[in-house]
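The next block holds one structure in the form of C-alpha cells; read it before the comments.
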Amino acid sequence: MANATSNITRPTIKSWGFVLMVLFFIGVYGIYRNKFMEEPQVRQPPYRILNRTFTSEGACEAKRNFMFVKVHKAGSTTANCIFQRFGYEHNLTFVLPVIRSDVGWPNLLRQEDFIPSADGTYNVLVDHTVYNRQLLDHLMPPDTMYIAILRQPLSHLRSVFNSYHLVKKMRGLQRSDPVASFIKSPDQFHVPYVKALSHTREPYTLAKNYMAYDLGFPLGLSDSQSSIDEYIETLSREIDLVLILEHMAESLVLLRRMMCWTLKDILYNVAPKNLKKYKKTPMSTALLKQHRRWSNVDYQLYDHFNATLWQKIQREGADFPHEVRHFQNVLNQTAIFCTKAIMKVPKIELNLTAGKLTIPKTTWHEEFDIDSTLCLKLKMEWHDWSHVLKKTHKMPPNLSSGFRRAISMTNTRVLDKSLLLNIFHVD
C-alpha cells in the first residue's frame with residue numbers, strides 16, 4: 001500500500017514542479033515584455049485639441065508668441081484687450097507703434113513704425129497693421145500663432161458708417177437710412193469719397209472690402225475671382241484661427257484650447273468696447289444681394305472662415321458646448337462681482353473690502369480667484385493698455401533721445417495717475 005502511494009506521489013510532485021517552472025518563465029517573459037517590448041503609454045489631455053504643443057510629460061504648453069490682425073470695426077478691441085492683458089501678465093515683449101495705435105497702417109509695416117526692443121526680439125503684435133506674412137516672418141518668431149477676427153459684412157458696414165461719420169463725408173445720403181441709401185447706389189458716393197483721400201495704398205475705402213484690406217488683399221483684384229480664391233486659400237494656410245464676432249464665446253474657447261491658455265486668460269469685460277448705437281432698419285433681399293456684390297471679398301472671407309470655425313469646433317469633441325456655457329456663466333459671475341469690486345466715487349477706485357470671487361475647479365481649468373485688481377484690468381480699454389505697455393517696454397539703452405521723444409503716448413480712459421502708480425508702478 002505504501003508503495004502504491006509512493007508511486008502516485010512522485011509523478012504528482014514532478015507535474016507541479018513543471019507547472020511552477022512554466023509559470024515562472026511566463027512571469028519573467030511578462031516583465032520583459034512590459035519593460036522592453038510594449039510601446040510607452042502617452043498621457044492623454046482631458047479634451048481634444050488643435051495645433052498644440054506638448055511637453056514630454058504630456059502637459060499642454062501655453063503659446064506665448066502670437067500676432068493678432070486687428071481688423072477695424074470687427075469687435076477687435078475686445079479681443080485686443082485680452083491679448084494685451086495676457087502679454088502684460090506674462091512679461092512678453094510687444095511690437096508697439098511709435099505713433100498712435102497703428103504699426104504702419106494703412107501702409108505696409110516698416111521698421112521705423114515700431115519701437116525697438118532691448119534685445120531685438122518680439123513676442124506679440126496686436127495693434128493695427130496691414131497683414132503681410134513675408135514682412136511679419138522677418139519680425140516675429142517662427143512658432144508665432146496668427147489670429148484674426150471678422151464680422152458679418154453688413155453689420156460691419158453699419159459700424160463703419162457710425163464710427164467714421166460717413167454720413168457727413170458722403171454727400172447726398174438719405175439721413176433716415178444712410179446705409180441703405182449707400183448700398184442702392186454705392187458708386188455715386190464711393191468714387192468722390194475715394195478721390196478725396198490721399199492714402200498711398202490705392203484703392204482704399206472704408207465702405208468696400210474694408211476687412212479684406214486689413215488682411216492684406218490687393219483691392220484692385222476684387223473683380224478677379226481666381227485671385228480671391230487664391231487669397232482665401234493662402235490665408236487658410238497661414239492664419240491659425242479667425243475669430244467670428246457673432247460667435248465670440250465659441251471663438252474664445254477655441255482660442256483658449258488652441259493656445260493652451262487658462263479660462264482666466266480669456267475673461268473680458270462683457271460691456272462691449274467702443275459701444276456706439278446706430279439705427280438698424282430691415283434690409284430688403286435685393287439690397288442684401290447688392291451689398292454682397294459690392295463688398296464681395298469681405299463676404300467670401302466671412303462665409304469661408306465662419307464655416308471653418310464651426311468645422312474646427314466639431315473636431316473639439318462633445319464637451320465643447322458645455323465649456324462654452326460654463327465660460328459664459330463665469331463671465332456673468334465676474335461681471336456681477338466686478339460691479340462691487342470697482343467703485344466710481346467720483347473716480348474709479350478699487351473696493352478692497354469686496355473680497356474675491358472663487359471659480360471652482362472644473363474639467364477645463366483649475367480653481368482660480370477674481371479680485372478687484374483683475375476687475376480693473378478687465379475694465380481697462382486698449383488706450384490704457386497701450387499706455388502701460390509703452391511705459392513698461394524695454395528699449396535699447398542707446399536709443400536716441402530724439403526717437404524717444406517721438407513716441408506718442410495714448411491718453412488713458414480708465415486709469416488715473418494713482419492707479420497707474422499703485423497697480424502698474426508707472427506714471
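Considering the range 87-97, the residues that are of a type in the set (A, V, I, L, M, F, W, C) and crowded, with 21+ Cβ neighbours inside 10 Å include one that is nearest to residue 375 (Cα to Cα), namely 94. Does the range 314-329 contain any residue that is in contact with a strand residue (DSSP E or B) (Cβ under 8 Å, 6 or more places away or on another chain) and closer than 19 Å to residue 263 by Cβ? No, because not a single residue in the range 314-329 is in contact with a strand residue (DSSP E or B) (Cβ under 8 Å, 6 or more places away or on another chain) and closer than 19 Å to residue 263 by Cβ. Every condition in (1) at pLDDT below 95; (2) hydroxyl-bearing (Ser, Thr, Tyr); (3) touching a Leu at 6+ places or on another chain (Cβ under 8 Å) is met by residue 410 except one, and the failing one is (3).
Would you check if residue 332 is free of Cβ contacts under 8 Å to residues at least 60 places away in the same chain and either farther than 16 Å from residue 262 by Cβ or within 22 Å of the chain's Cα centre (by Cα) (or both)? Write out each step before concluding.
On the way: free of Cβ contacts under 8 Å to residues at least 60 places away in the same chain: no; either farther than 16 Å from residue 262 by Cβ or within 22 Å of the chain's Cα centre (by Cα) (or both): yes.
Judged against the criteria, residue 332 is not a match.
Within the range 106-135, being among the aliphatic types (A, V, I, L, M) and out of contact with any Leu (no Cβ under 7 Å at 6 or more places or on another chain) holds for 118, 125, 126. Annotation: of all residues in the range 335-356 being surrounded by 15 or more Cβ atoms within 10 Å (Cβ to Cβ) and either touching a residue at least 40 places away in the same chain (Cβ under 8 Å) or in contact with a Ser or Thr (Cβ under 7 Å, 6 or more places away or on another chain) (or both), the one that is nearest to residue 253 (Cα to Cα) is 335.
Picking from residues in the range 391-402 that are over 31 Å from the mean Cα position of the chain (by Cα) and either free of Cβ contacts under 8 Å to residues at least 60 places away in the same chain or within 18 Å of residue 100 (Cβ to Cβ) (or both), the one that is surrounded by the most Cβ atoms within 10 Å (Cβ to Cβ) is 400. Return yes when residue 420 is within 21 Å of residue 264 (Cα to Cα) and hydrophobic (A, V, I, L, M, F, W, C) and no when it is not. Against the criterion (within 21 Å of residue 264 (Cα to Cα) and hydrophobic (A, V, I, L, M, F, W, C)), residue 420 does not qualify.
Among the residues of the range 99-129, those identified as hydrophobic (A, V, I, L, M, F, W, C) and closer than 24 Å to residue 258 by Cα are 124, 125, 126.
The values are calculated or read from the model by the stated rules, or taken from the named source; none is laboratory data. Values in this document were obtained by computation on a predicted structure and should not be read as measured data. Note that we place each Cβ from the backbone using ideal geometry, even for glycine, and neighbour counts take in every protein chain shown.
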